[in-house]
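Note sheet for the following structure.
The values are calculated or read from the model by the stated rules, or taken from the named source; none is laboratory data. Everything quoted here is computed from the prediction, not taken from an experiment. Using ideal geometry, Cβ is built from the backbone for each residue, glycine included, and neighbour counts are taken over all protein chains shown.
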Amino acid sequence: MPVGPRLLLSAVVIVSLLPFLGKSIHIDDALFLKSARQIIAHPLDFYGFRVYWGGREIPMADEMRNPPLAAYYLALVGRMFGWRESALHAAFIPIALAAILGTYALARSLTRRPMYAALGTLLTPAFLVSSTTLMSDTMMLAFFIWSIHLWILGRARGRISLVIFAAMIAAAAVLTKYFAIALVPLLLAYTVMRERRVGSWALALGIPVAALAGYELLTWRLYGEGLFVAAAGFAAHAHSAALWSTVVTMAFVGGVLPATLFAIPLIWKARGILAGTLFALVVLTALTWPGSRLLATGLFASPGIVALHMTVFILAGASILVLAAEDVCRHRDAESLLLALWMTGVLFFSAFLNWTVNVRTILPVAPAAAILLARRLEGEGRVRRWSTVILVAQAVLAFAVAAADLRLANSARKATEIIYRNVGVEHPRIWFQGNWGFQEYMERRGARPFDGRKARAGDLLILPGNNTSLHVKPGTLQLVGVLRVGGPRGLTTMSGKDGAGFYSDVFGPLPYAFGRIPEEAYIVTRVLPVSH
């Protein structure tokens, strides 16, 4: 791989992620950190402890829906460099860099514009925000991409060593996040299409399968059940209606991979633009029709604005699918099949198999979508000039979304500091409800998850307004005050009232939403005496 592009991509990745080194612990970062601390104390018993999550204390093995490789990496970083946010986030920059360099390497064999594909992956809300967390998603993506690239390279050069190495990387991906087992059918379909036969190379695909089976056996012996099967069962039980999940998945895809929306005037002819406009009108009408699911929930402050967001995002998502279909029709080769199956496989998993629609499950689409767009924009002159404009527009949006998520994460840490500065000295017994980063920072200060059996009259209970797992019995608490902390402005990634559910569509059918975003509210209450 040429040195010049690698150096340029490395510089862009580092510069893009440096502003987020101080980002607070956010969403499920807290779970990964708890696992990492457990690994330091008990290296071979990664989930052998209890955790307060979802409003109750349960075994970690019942809550964690990811294999532990990312947590082992966090444990190593924490042990060597400490647990400061800046050190932890800095350790994830090389992982993001590996994913982007892998995209460039893979794209070199698929398009004449590999640099455009790599930058088009990096500068998306999906990749940029995911790379500022401490979760497993970017790590899995890096393994995923390199496995595909080395497999293609190994088959092209007839080198079985590269094929085996690619399968070993696929195994690492599986031990980072279960979705990566999709590499097995994906690589199998690609190679059969390319070579028109199944050869001894297929045996290498048994490596990730064996890794998953070994992990399943290990967790069964440690925790009494195989955690992969348990995660699959949880997802099947928790999943919502298939049609609505499909609609929301398309909105999430278009929102966090918006390049095709910006590219519509460039890549579609007048007939296609007209068809897209009619499609958008149909979607908007369906979403705002009386009795539609969007309006029936009654959860959103401005359902019409949410419907408009969804319409635009769904149009962008549909454009990506059209791009994949067009690429298959145009090339009719193994590479176009690979990209199409890659994309549809991720979307199928998000819409029908995962327990919730979120950007974390959609992230693996980003490189495939960027490569498809690069293949479509392999022109000269006007196409190249406007494709740069498209990339810049997407980058501006990506940084805006990442900045909003940064402010949302930091608001929990700031709220904890204010609470303990103002009332922590006078009230040594402070309880809280809610999870995510707020839980992490409250527990660091000595606060405890609320337990009504142990709380005494006069104790303080803090309730975060924009969080999860809040359960309050009427008549048991007295309002002391409401602390308002500055958070996202004009754009948010998680807000039930605004329909934004970047990390789970339980909060809303949008990955992010524009609007007048209120400050983050933290309700301070006092526990009342129990009446008899």
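What the table below lists for this structure:
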| quantity | calculated |
| --- | --- |
| Test for residue 172: is it under 24 Å from the mean Cα position of the chain (by Cα), in a helix (DSSP H, G or I) and surrounded by 15 or more Cβ atoms within 10 Å (Cβ to Cβ) | yes |
| Positions within segment 245-279 being within 26 Å of the chain's Cα centre (by Cα) and free of Cβ contacts under 8 Å to residues at least 60 places away in the same chain, in sequence order | 261, 264 |
| Every residue from segment 498-524 that is under 17 Å from residue 436 (Cβ atoms) and in a strand (DSSP E or B) | 500, 501, 520, 521, 522, 523 |
| Residue match in segment 102-112 (condition: β-branched (Val, Ile, Thr) and surrounded by fewer than 23 Cβ atoms within 10 Å (Cβ to Cβ)) | yes |
| Which numbered condition residue 507 misses (of (1) under 18 Å from residue 359 (Cα atoms); (2) in contact (Cβ under 8 Å) with a residue 24 or more places away in the chain) | (2) |
| Any chance residue 364 is in contact (Cβ under 8 Å) with a residue 40 or more places away in the chain, in contact with a helix residue (DSSP H, G or I) (Cβ under 8 Å, 6 or more places away or on another chain) and over 18 Å from residue 513 (Cα atoms) | yes |
| Flag for residue 61 being over 24 Å from residue 6 (Cβ atoms), buried (at least 24 other Cβ atoms within 10 Å of the Cβ) and of a type in the set (Gly, Ala, Ser) | no |
| Which numbered condition residue 401 misses (of (1) touching a residue at least 60 places away in the same chain (Cβ under 8 Å); (2) farther than 27 Å from residue 256 by Cα; (3) surrounded by 20 or more Cβ atoms within 10 Å (Cβ to Cβ)) | (2) |
| Candidate set from segment 72-88 (those that are in contact with a helix residue (DSSP H, G or I) (Cβ under 9 Å, 6 or more places away or on another chain) and in contact (Cβ under 8 Å) with a residue 60 or more places away in the chain); member that is surrounded by the most Cβ atoms within 10 Å (Cβ to Cβ) | 74 |
| Qualifying residue in segment 160-168 (condition: closer than 23 Å to residue 66 by Cα, crowded, with 22+ Cβ neighbours inside 10 Å, in contact (Cβ under 8 Å) with a residue 12 or more places away in the chain and not assigned by TED's automatic domain parsing to the domain that holds residue 342) | yes |
| Check on residue 183, in a helix (DSSP H, G or I), out of contact with any Cys (no Cβ under 7 Å at 6 or more places or on another chain) and farther than 13 Å from residue 212 by Cβ | no |
| The lone exception for residue 459 - which of (1) touching a strand residue (DSSP E or B) at 6+ places or on another chain (Cβ under 6 Å); (2) within 28 Å of residue 36 (Cα to Cα); (3) of a type outside the set (S, T, N, Q) it fails | (2) |
| Residue among 30, 91, 36 that is assigned by TED's automatic domain parsing to the domain that holds residue 222, among the small types (Gly, Ala, Ser), touching an Asp or Glu at 6+ places or on another chain (Cβ under 6 Å) and in contact (Cβ under 8 Å) with a residue 12 or more places away in the chain | 30 |
| Any hit, segment 38-51, residues being at positive phi and in contact with a Pro (Cβ under 9 Å, 6 or more places away or on another chain) | no |
| Residue among 192, 209 that is farther than 27 Å from residue 94 by Cβ and without any contact (Cβ under 8 Å) to a residue 12 or more places away in the chain | 192 |
| Residues of segment 6-56 that turn out to be more than 23 Å from the chain's Cα centre (by Cα) and under 18 Å from residue 95 (Cα atoms), as a count | 4 |
